[in-house]
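Here is the structure we will look at.
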Amino acid sequence: MRRVIISGGGTGGHIYPAITIARAIADIEPTEFLYVGSKIGLENTLIPNEGIPFVTIDVRGLERKISFRNLVTLGKTAGSLIKAEHIIHKFKPDVVIGTGGFVCGPVLLAASLSGIPTLVQEQNVIPGVTNTILSRFVKCVALGYEEAAERFKRKDILVYTGNPVRKDILTGTKDHGRALLGLDPDKFTLLVAGGSRGARSINNAMIEVHRYFRDSKDIQILHVTGDHEYDRVVGQLEGIDGKGRYGEGSHIIPYLHHMPEALAAADLAVYRAGAVGLAELTVRGLPAILIPYPYAAEDHQRYNAQALVMCGAAKMILDKMLTGRELLEEIVHLKNDPEALKRMAQASKSKGRPQAAHDIAELALSIAKGPKYRSRIQKDVTDHD
């Protein structure tokens, strides 16, 4: 049985790809997994719920300035490298996979120094600091975006795979999605979501959008505010009912457990530009208005969004430029121009990589089997383009 260590954490953007890759590997061959996370990251909740064996190391990210805390962090990093070596020696993995976040730094470094094959999956156009450093040591880097290649010095280890998405994102239909969510099968459908915690700037802009379409009978809006924002948003909409129904077609909710169905149901999305979310949009071929999160490390969400804008798959409004009127004008323009929306959908679909999870899984397993096998798999992945 194959033995695989996966590490990545801090945010869902690093954790969900790791889970998806693990599932894809398990689909190929029987595998024993071990997930290595930090003691303070979101992985502490998500990974045990997936039934994946989970251990932690004590490591934290460095601040971008000289500080006493950085000295403490460097001391803990040295200790975490020793702990990671102990975990690797005990588990004896065939391959170690990192999906980003500071926790995977010591894990993949320890594996590389121990001669264990290693793979990094980089989701963004602008690579994270940890993955940039690790690229000097690992056997392979699987790129979520082709545009990220210019950011790495070692071109020979790069493979463009796209970002992995869950199987249920791929399988839903528009009719099923709308029926499940109680949506009208014939209305133009707008999906608005700013991530699990919501996005205040998007929610603020949507107040004017909801009011504008209050009496419109040809559009329905599914607006996911995030748990922390819901009460504030609904408090600004006069006449909203206790279930978040407003006007003719707005449905405002704090959280949505059926996002795959919502993506299948939608004609247009208003989204942040995290790598996982964009991967899901593109495999569905869903046009989008993107508002990048302005405080993302290295402003990477703006670069992610720009990649879709450049190919015609999305429109972008910078967060600092976002107003209700600006967002409303984009929505109205696209709603009233089906041909433009169709072209955006085709461009979005062209950027989607539905095979990404399988390709990354094959790539990871291949480097465990040696360079000749890896070369064949790399060619197969490239042939999917």
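The values are calculated or read from the model by the stated rules, or taken from the named source; none is laboratory data. Predicted, not measured: the structure shown is a model, and the values here were computed from it. FYI the Cβ positions are ideal-geometry reconstructions off the backbone, even for glycines, and counts take in every protein chain you see. Heavy atoms of the whole protein, side chains included, go into the accessibility calculation; ligands, DNA and RNA do not. Shrake-Rupley method; radii C 1.70, N 1.55, O 1.52, S 1.80 Å.
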- Interchain or sequence-distant (5+) residues whose placed amide H lies within less than 5 Å of the amide H of Leu268 are Thr189, Leu191
- With the dipole of the chain worked out from charges on the C-beta (+1 for Lys and Arg, -1 for Asp and Glu) around the Cα centre, which of Leu119, Gly352, Leu286 lies farthest toward the positive end? Leu119
- In whole Hz, what ³J(HN,Hα) sequence does the stretch 278-288 give by Karplus (6.51, -1.76, 1.60; θ = phi - 60°), x for Gly and Pro? 5, 4, 5, 4, 6, 5, 8, x, 9, x, 8
- Item | Residue order for Arg284, Arg353 - accessible surface, 1.4 angstrom probe, largest first | Arg284, Arg353
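Can you tell me the accessible area per residue over the stretch 168-351, all protein chains present, probe 1.4 angstrom, in square angstrom?
On the way: 8350 Å² over 184 residues.
Accessible area per residue, the stretch 168-351: 45 Å².
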- Note on the structure: With Cα coordinates, the longest principal axis of the chain makes an angle with the long axis of helix 300-310, in degrees rounded to 10, of 60
- For the stretch 168-351, the charge dipole (Cβ of Lys, Arg +1; Cβ of Asp, Glu -1; about the Cα centre) points to a positive end, and the Cα of Ala296, Ala262, Met206 closest to that extreme belongs to Ala296
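Using unit Cβ charges (K, R positive; D, E negative) and no other charged atoms, how large, in debye to the nearest 20, is the dipole of the stretch 299-373 about its Cα centre? Intermediate values should be presented prior to the final figure.
Values: 12 positive and 9 negative charges, 58 e Å.
Here the stretch 299-373 has a charge dipole of around 280 debye.
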- Interchain or sequence-distant (5+) residues whose placed amide H lies within less than 5 Å of the amide H of Ile6 are Leu34, Tyr35, Val36, Ile97
- Query: Between the helical axis of 200-212 and the dominant principal axis of the chain, each derived from Cα atoms, what acute angle in degrees is found, rounded to the nearest 10?
  - Reply: 20
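Taking 0.36 nm per intervening residue step and subtracting the Cα-Cα distance, what contour gain separates His176 from Arg136 on full extension? Could you put the intermediate results ahead of the total?
Working: separation 40, 0.36 × 40 = 14.40 nm, distance 4.63 nm.
Gain on extension, His176 to Arg136, equals 9.8 nm.
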- Using 7 Å Cα-to-Cβ label points, what is the Ile82/Met321 separation (nm, one decimal)? 5.3
- So what are the ³J(HN,Hα) numbers for the stretch 28-33, from phi and the Karplus equation (6.51, -1.76, 1.60; θ = phi - 60°), rounded to whole Hz, Gly and Pro as x? 7, 7, x, 9, 9, 10
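For Met259, Met310, Met344, Met316, give me the order by solvent-accessible area with a 1.4 Å probe, most accessible first, ignoring ligands, DNA and RNA. Could you put the intermediate results ahead of the total?
Values: Met259 35, Met310 145, Met344 10, Met316 55 Å².
The ranking, largest first, comes out as Met310, Met316, Met259, Met344.
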- For a label point 7 Å along the Cα-to-beta-carbon line of Val332, residues of the stretch 218-234 with backbone N under 16 Å: 218-219
- So if we plug the beta-carbon distance of Arg343 and Gln236 into 1/(1 + (r/R0)^6) with R0 = 45 Å, what FRET efficiency do we get, rounded to 0.05? 0.80
- Item | Whichever lysines have a C-alpha closer than 17 Å to that of Lys92, once near sequence neighbours (fewer than 8 apart) are set aside | Lys83, Lys369
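Suppose R0 equals 30 Å; then what is the FRET efficiency for Met310 and Val129 from their Cβ-Cβ distance, rounded to the nearest 0.05? Display every interim value, and only then the final one.
Values: r = 25 Å, r/R0 = 0.84.
That gives a FRET efficiency of 0.75.
Stretched out fully, how many nm does the piece from Ala149 to Lys217 gain, at 0.36 nm a residue minus the Cα gap?
Details: separation 68, 0.36 × 68 = 24.48 nm, distance 4.65 nm.
Stretched out fully, the Ala149 to Lys217 stretch lengthens by 19.8 nm.
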- Item | Identified option (computed Rg and Dmax of the Cα atoms in Å; candidates (i) 21.6, 66; (ii) 20.3, 61; (iii) 29.1, 99) | (i)
- Would you please name the GluC sites (Glu not before Pro) within the stretch 178-242 that are DSSP coil residues with at most 11 other C-beta atoms within 10 Å of their C-beta? Glu238
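Order the following by accessible area, largest value first: His251, His223. Probe radius 1.4 Å; ligands, DNA and RNA are ignored. Please report the intermediate quantities before stating the final value.
Details: His251 30, His223 0 Å².
If we order His251, His223 from most to least accessible, we get His251, His223.
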- Helix 338-351 versus the longest principal axis of the chain: what angle, 0 to 90°, nearest 10, using Cα atoms? 10
- Vicinal HN-Hα couplings computed from phi for the stretch 251-267 (Karplus, 6.51 cos²θ - 1.76 cosθ + 1.60; Hz; Gly/Pro x): 10, 10, 9, x, 8, 10, 8, 10, 4, x, 5, 5, 5, 5, 6, 7, 9
- Extension gain from His228 to Glu208, taking 0.36 nm per residue of separation minus the Cα-Cα distance: 5.2 nm
- For the chain, percent of DSSP beta bridges that are antiparallel (nearest 5) comes out at 5
- Note on the structure: Mean separation of Cα contacts under 8 Å (at least 6 apart) over the residue count of the stretch 168-351, i.e. the relative contact order in percent, is 24
